[in-house]
2 protein chains.
Amino acid sequence: MRKLINDPAEVVADALRGLAAAHPELRVDADAGIVVRRDAPRPGKVGLVSGGGSGHEPLHVGFVGPGMLDAACPGEVFTSPVPDQITAATTAVDGGAGVLHIVKNYTGDVLNFELAAELAADEDVEVAAVLVDDDVAVHDSTHTAGRRGTGGTVFVEKIAGALAEEGADLAKVAAVGREVNERTRSFGVALSPCTVPTAGRPTFELGPDEMELGIGIHGEPGRERVPAGTATEIVAAALEAIDADMPLRGERLLVLVNGMGGTPLIEQYVAFGAVSAWLADHGAVVARSLVGGYVTSLEMAGVMVSVCRLTPELTRLWDAPVQTPALRWGR
Amino acid sequence: MRKLINDPAEVVADALRGLAAAHPELRVDADAGIVVRRDAPRPGKVGLVSGGGSGHEPLHVGFVGPGMLDAACPGEVFTSPVPDQITAATTAVDGGAGVLHIVKNYTGDVLNFELAAELAADEDVEVAAVLVDDDVAVHDSTHTAGRRGTGGTVFVEKIAGALAEEGADLAKVAAVGREVNERTRSFGVALSPCTVPTAGRPTFELGPDEMELGIGIHGEPGRERVPAGTATEIVAAALEAIDADMPLRGERLLVLVNGMGGTPLIEQYVAFGAVSAWLADHGAVVARSLVGGYVTSLEMAGVMVSVCRLTPELTRLWDAPVQTPALRWGR
């Protein structure tokens, strides 16, 4: 056993108790699985709610706070949150201006957020939704119709969160969230599998000299299994896949090099160096960047590259102050 | 191969190139191994320099910036920086008020920082040093006479950095650094080994159901090898060792639950929950906290707990603004 846990069935609740102890600025209901910004609901402000399976921390619970999410509802590990949980989070943060659901495109998440939106409507809360489907690796997959939502979720939550903080209305906040998603693409590579605590064995097999190109954040299959390459080769595979889908030349980019959970930061910086060199060679500019584990897959080794084609307005909103456990700048 | 690297011999330089691309606010000399705050030297401000072997990122390179270090000099992985490198960093940040070296207590680091201080003195730079030896696990070890310097280094660098930023003189900045070290204790537990890239095999063997209590950050032996326990048991072992050395009851504490590199954030929060519960049961208060990978050991799985007995003044300095790649708050 290499896991730092108590009861495998209690990992999410135990982690939420830890989150509550570490972050008194959040209201955490560990049993219900709801994390809310302490000052919510804020009258007249659009509320932002996201959620999904746990095991991807800091996504989403680490992004609750001023300038980003008003609430997160984590499900069990790699399992969608239930509708009642999402509805409770939604009503908790409605300040009368409506609530935006930011939903990664996995079938269970989509269905449960839709149901929750209907339940919230019964309580007179207006809900809009942004679907995040930034992963270019595969169309349709184990848990998805269409593309999967992955690293780009961080960009959508940050930028929509900044606009909501400024007082924009629900339609505008939803529109900017969709715009970010449309301008964002991601591609992940796994160097090792990960193990869901209650399962006790790896979600897939991967030889010590193999890697999976286009891995999903739950270990779903990607495009192909190939011999493990260098950081430069891995990053090139990711950026070529992204560039083929959304040309990058001439663009000013927001770039996330995202560690999947088991890859140390020194290697993430090696990968960022390779990303930076590839983009310079292909006529694109890194205008903003982030290096670290932001959308993880438990202890999976590997990296995901996410790229957003910025506009001046999206850049301004990215730069706006944010105060959450995992992202903090400005004031 | 599970490493995301190019040439194993170039990992540190490649990572520094990535750091430079991601953080234009730093001046990075990837070949010389020197990372300097862009606005250094600042006239009249005491300069803070730290360094040590790489593989512990974000320590130290991720702590360069306003409110913390003026420069870091990373050595090769798990290898001390060389004296010339340290001297170059020291002279680069001297604004006429002298330079404080923050040195983790490993024999190579201590010797090389001492030599560098002599070389800097030849160039009329006044140097003082703080030795960090917070690890209660063992006296003397593979690389150390006396206790090892580990997670408490973050506390020393942050708090001394805050005082230097306020314009305190070298004697005062050194004194607060020593005070923090004296009030801080750490204890680490490994659930897996790690592999130095140029070695290509694990630094030690650990069975899948074993853990090493009191592990060093280079995989040096700790106190004992025992069957792997729960998060609650692991944390209790760490806190009992700390409490036996420095009683915690009645104290207001700064607590770091530090992931060693391969343990995902969800498990670090499970551990923090257990730390918080143990301290409450033993009459101590968590006044400030930090959860995440701040002093890592490549991809080692495991956790380290570091605890500092705060005073009002140390709390104020911990809360002071900091703007570095890895720690950011206030302004």
Checklist outcome for this item: Of (1) facing chain B (nearest Cβ under 9 Å); (2) farther than 13 Å from residue B:22 by Cβ, residue A:250 fails just (1)
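Filter the stretch A:196-211 for residues that are within 12 Å of chain B (Cβ to nearest Cβ) and open to solvent by less than 30 Å² (accessible area, probe 1.4 Å); which is farthest from residue A:298 (Cα to Cα)?
Per the criteria, the residue is A:207.
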Checklist entry - Looking at the stretch A:65-81, which of the residues that are among the hydrophobic types (A, V, I, L, M, F, W, C) and in a loop (DSSP other than H, G, I, E, B) is most open to solvent (accessible area, probe 1.4 Å)? => result A:78
Checklist outcome for this item: Checked pairs for the stretch B:257-278, first on the phi > 0 side of the Ramachandran plot, second at pLDDT 95 or above and among the β-branched types (Val, Ile, Thr), C-beta under 8 Å and 6 or more apart or across chains, list as B:261/B:296
Checklist entry - Filtering the stretch A:105-150 down to residues that are open to solvent by less than 20 Å² (accessible area, probe 1.4 Å), assigned to a loop (DSSP other than H, G, I, E, B) and β-branched (Val, Ile, Thr), which residue is farthest from residue A:95 (Cα to Cα)? => result A:136
Item to check | From B:39, B:84, B:29, B:94, residue being of a type outside the set (Phe, Trp, Tyr), more than 20 Å from the chain's Cα centre (by Cα) and farther than 25 Å from residue B:165 by Cα | outcome: B:84
Checklist outcome for this item: Taking the stretch B:28-43 and the residues there that are of a type in the set (A, V, I, L, M) and assigned to a loop (DSSP other than H, G, I, E, B), the one that is nearest to residue B:324 (Cα to Cα) would be B:40
Checklist entry - Which fully enclosed strands (runs of 3 or more DSSP E) of the stretch A:217-331 have 2 or more residues being closer than 25 Å to residue B:301 by Cβ, aromatic (Phe, Trp, Tyr) and open to solvent by less than 30 Å² (accessible area, probe 1.4 Å)? => result none
Checklist entry - Quick one: is residue B:25 closer than 19 Å to residue B:323 by Cβ, among the acidic types (Asp, Glu) and in contact with a helix residue (DSSP H, G or I) (Cβ under 9 Å, 6 or more places away or on another chain)? => result no
Next on the checklist: With the structure loaded, tell me whether residue A:36 is within 11 Å of chain B (Cβ to nearest Cβ) and either small (Gly, Ala, Ser) or under 20 Å from residue A:294 (Cα atoms) (or both) or whether it fails that test.
Outcome noted: no
Checklist entry - Which one of the conditions (1) assigned by TED's automatic domain parsing to the domain that holds residue A:54; (2) of a type in the set (A, V, I, L, M); (3) assigned to a loop (DSSP other than H, G, I, E, B) does residue A:175 fail to meet, given that it meets all the rest? => result (3)
Checklist entry - Scanning for something open to solvent by 50 Å² or more (accessible area, probe 1.4 Å), basic (Lys, Arg) and away from chain B (no Cβ under 12 Å), does the stretch A:163-179 turn up at least one residue? => result yes
Checklist entry - Do we find a residue being open to solvent by 70 Å² or more (accessible area, probe 1.4 Å), within 10 Å of chain A (Cβ to nearest Cβ) and in contact with a helix residue (DSSP H, G or I) (Cβ under 7 Å, 6 or more places away or on another chain) anywhere in the stretch B:3-13? => result no
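Could we say that residue A:276 is under 18 Å from the mean Cα position of the chain (by Cα) and at pLDDT 95 or above here? Working first, answer last.
On the way: under 18 Å from the mean Cα position of the chain (by Cα): no; at pLDDT 95 or above: yes.
So residue A:276 fails the test.
Listed here are the residues, each with its yes/no results for (1) within 8 Å of chain A (Cβ to nearest Cβ); (2) assigned to a loop (DSSP other than H, G, I, E, B).
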position	(1), (2)
B:16	yes, no
B:21	yes, no
B:24	no, yes
B:45	no, yes
B:48	no, no
Checklist outcome for this item: Scanning the stretch A:29-48 for residues that are touching a helix residue (DSSP H, G or I) at 6+ places or on another chain (Cβ under 7 Å) and open to solvent by 40 Å² or more (accessible area, probe 1.4 Å), the one nearest to residue A:94 (Cα to Cα) turns out to be A:41
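The values are calculated or read from the model by the stated rules, or taken from the named source; none is laboratory data. Please read all numbers here as calculations on a predicted model, not as lab measurements. Counting neighbours? That spans all protein chains shown, and the Cβs are built from the backbone with ideal geometry, glycine included. For the accessible areas, the whole protein counts, side chains as well, though only heavy atoms, and no ligand, DNA or RNA atoms are used. Shrake-Rupley method; radii C 1.70, N 1.55, O 1.52, S 1.80 Å.
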